[in-house]
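Read through the structure below, which is laid out as structure tokens, and then see the notes.
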Amino acid sequence: MEKRNVLVKNKKILQSSYIPEKLPHRNDKINEIVEIIAPSLNKDKPSNILIIGKTGTGKTAVMNYIGKELKKADPEEKNCSFIYINCEIVDTPYGILYNIANQIISDPSRRIPFTGWSLEKILSELTAYIEEADKIFIVVLDEIDRSFQKNGDDIFYYLTSINDQLKSSRVSIIGITNNTKFTELLSTRIKSRLGEEKIIFPPYNVNQLQDILYDRAKEAFDDGILAEGVIPYCAALSAQEMGDARRALDLLRMSADIAERNGDTSITEAHVKSAKSKIELDAVSEVIKTLTVQSKLVLMSVIKNTEQGMNTMITGDVYSTYKFLCEITGQSVITQRRVADLISELDMLGIVHARVKSFGRAGRTKEIELSTPKELISLVKSDELFKDIDNYKPPKQTTLI
Ligand SMILES: Nc1ncnc2c1ncn2[C@@H]1O[C@H](COP(=O)(O)OP(=O)(O)OP(=O)(O)O)[C@@H](O)[C@H]1O
Ligand SMILES: [Mg+2]
């Protein structure tokens, strides 16, 4: 059997769920947060905190790191318990309260059922349990905007109403969001309560991303595996985009994967380039998979016209082929105006390219070109919707300008 080339000592280290021992360039943020929540170790209630920062700026990593440090300072959780909930996974008030309860209630006979209780009942059980525990609970609600989007600010009222009924215990909330406009969505009362302390995580610059990557690389690779320019290149590409450490680590991990798969003995900038295209291709292919049936029909019309030699086309050309495709796939036909809207949407997603063009007295129309990467056209064609399509040939288009 062919032996697979192994370049990465430990794959886990490059994955985004891995929390490193050190978080370079976040000491100031860690200290700011620790200063606010340290009183909990003496059973004093810390202020609520709202942490805001774009994706990949280390918010989740920092909070998990702090959770581990708190546990080290109070291993038996005598004065303070740290509870982490990701609202992207659990977003309903019931789900959040159930999750909090599940993490703190150890007595099996008092466990709260997964469904079936009223919110009032779950709240009063949880409140009683928290009060008996006689300590501070720090509840981290990560991606808090997800819960607000779907269920409004109820959960925040529930959690603060718990505090109103407590004498010896207290609940502090740390909300985390990557929506920089999040506070604009909140009512004034909640804004002031939730954002008692607000901490902003700025994007990383290119040097900071390099430091983060060098630290990980030291753990993940043996000497001599990474070519010199690889880390600066990954950092530069990610800094250009958003200053996103997740993206930088993804690039490094994928470059290593590609090099391993090719049987190469080191990782070079060429691998980073391929990794970059692969990430971009994956992103477009995700978008294509989630298109609606009507959008797929419109996209397929552009593809078919292009295959018939029409490199640029106008909305009317797309519409005629679209009607033909609706007929053979048995889908209902929408108006040309709606199809024009769908073309604009595909343009915004980067799948087609549409420019508004003036045709003198004939008015304005769009000039459309396919910009879907070649590798993905077969993905569109393999859709169940188009399984019989090659048995039909659309009528030849003639553009009338
Ligand atoms: N300062 C840092 N040092 C080392 N690794 C870091 C640092 N900041 C972020 N990372 C790593 O980058 C990745 C993304 O970070 P994290 O998940 O904390 O981002 P986030 O701000 O929570 O993003 P999102 O808003 O998308 O949830 C993780 O793998 C994390 O370990
Ligand atoms: Mg996060």
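Sorting LYS22, LYS304 by solvent-accessible area of protein heavy atoms yields LYS22, LYS304, largest first, with a 1.4 Å probe.
Note on the stretch 268-374: with charges restricted to the Cβ of Lys and Arg (+1) and Asp and Glu (-1), its dipole about the Cα centre is near 260 debye. For the chain, modelled as a GNM whose springs connect Cα atoms under 10 angstrom apart, the maximal fluctuation among GLU69, GLU21, GLU269 occurs at GLU21. Rounded to the nearest 500, the 222 nm mean residue ellipticity of the chain from helices alone is -15500 deg cm²/dmol, with -39,500 (n - 2.57) taken per DSSP H run of at least 4 residues. Summing charges over all other residues whose Cβ lies under 11 Å from the Cβ of GLU88, with Lys and Arg as +1 and Asp and Glu as -1, gives -2. According to the square roots a ≥ b ≥ c of the eigenvalues of the Cα gyration tensor, what is the shape class of the stretch 185-314, taking rounded for a/c under 1.5, prolate for a/b larger than b/c otherwise, and oblate for the remainder? Note, shape of the stretch 185-314 comes out oblate.
The residues of the chain expose, per residue, 52 Å² of accessible area to a 1.4 Å probe. Positive end of the dipole of the chain (Cβ unit charges, origin at the Cα centre): among VAL356, PRO232, SER371, the Cα lying farthest that way belongs to VAL356.
Taken about its Cα centre, the stretch 27-201 carries a charge dipole of roughly 140 debye when the Cβ of each Lys and Arg holds +1 and the Cβ of each Asp and Glu holds -1. Using a cutoff of 8 angstrom between alpha carbon atoms and counting only pairs six or more residues apart, the relative contact order for the stretch 291-391 works out to 30 percent. What is the helix-to-structure angle for 245-262, meaning the angle in degrees between its Cα long axis and the longest Cα principal axis of the chain, kept from 0 to 90 and rounded to the nearest 10? With rounding to tens, the tilt is 60 degrees.
Using a Gaussian network model of the chain whose springs link C-alpha atoms within less than 10 Å, name the residue from ASN86, ASN163, ASN311 with the highest mean-square fluctuation. Of ASN86, ASN163, ASN311, the Gaussian network model singles out ASN311 as fluctuating most. Taking a ≥ b ≥ c as the square roots of the Cα gyration tensor eigenvalues, with a/c under 1.5 meaning rounded and otherwise prolate when a/b beats b/c, else oblate, which class fits the stretch 250-340? It is prolate, given that a/c is not under 1.5 and a/b is the larger ratio.
For the chain, the relative contact order works out to 18 percent when only alpha carbon pairs closer than 8 Å and six or more residues apart are counted.
Placing +1 on each Lys and Arg Cβ and -1 on each Asp and Glu Cβ, with no other charges, gives the chain a dipole about its Cα centre of roughly 880 debye. Here LYS150 sits with roughly 140 square angstrom of accessible surface, probe radius 1.4 Å. Note on surface exposure: ARG110, ARG355 rank ARG355, ARG110 by accessible area, highest first, 1.4 Å probe.
Using +1 at the Cβ of each Lys and Arg and -1 at the Cβ of each Asp and Glu in the stretch 113-200, identify which of ILE136, SER187, ILE162 lies farthest towards the dipole's positive end. In the stretch 113-200, that residue is SER187. Rounded to the nearest 10 degrees, the inclination of helix 59-73 to the longest alpha-carbon principal axis of the chain is 20 degrees.
Please compare each pair in LYS304/LYS357; LYS29/LYS191; LYS121/LYS167 to a cut-off of 25 Å on the Cα-Cα distance and tell me which ones are over it. Beyond 25 Å: nothing from the list. Let a ≥ b ≥ c be the square roots of the eigenvalues of the Cα gyration tensor of the stretch 27-201; is it rounded (a/c under 1.5), or, if not, prolate (a/b larger than b/c) or oblate? Since a/c reaches 1.5 but b/c is at least a/b, the shape of the stretch 27-201 is classed as oblate. Solvent exposure of ASP317, expressed as accessible area, is near 10 Å², computed with a probe of 1.4 Å over the protein chains only.
Counting only protein heavy atoms, what percent of the accessible surface of the chain is carbon or sulfur at a 1.4 Å probe? Carbon and sulfur together cover 49 percent of it.
For PHE137, what charge total do you get from the other residues with a beta carbon under 10 Å from its beta carbon, if Lys and Arg give +1 and Asp and Glu give -1? Summing Lys and Arg as +1 and Asp and Glu as -1 gives +2.
Surface calculation, 1.4 Å probe, protein heavy atoms: TYR129 sits at approximately 30 Å² accessible. Taking every C-alpha pair closer than 8 Å and separated by at least 6 residues, the mean separation divided by the residue count of the stretch 1-139 gives a relative contact order of 24 percent.
The values are calculated or read from the model by the stated rules, or taken from the named source; none is laboratory data. Quick caveat, the model's predicted, so the values are computed rather than measured. Heads up, the Cβs are rebuilt from the backbone with ideal geometry, glycines too, and the neighbour counts pull from every protein chain shown. All accessible areas refer to the heavy atoms of the entire protein, side chains included, with ligands and DNA or RNA removed. Shrake-Rupley method; radii C 1.70, N 1.55, O 1.52, S 1.80 Å.
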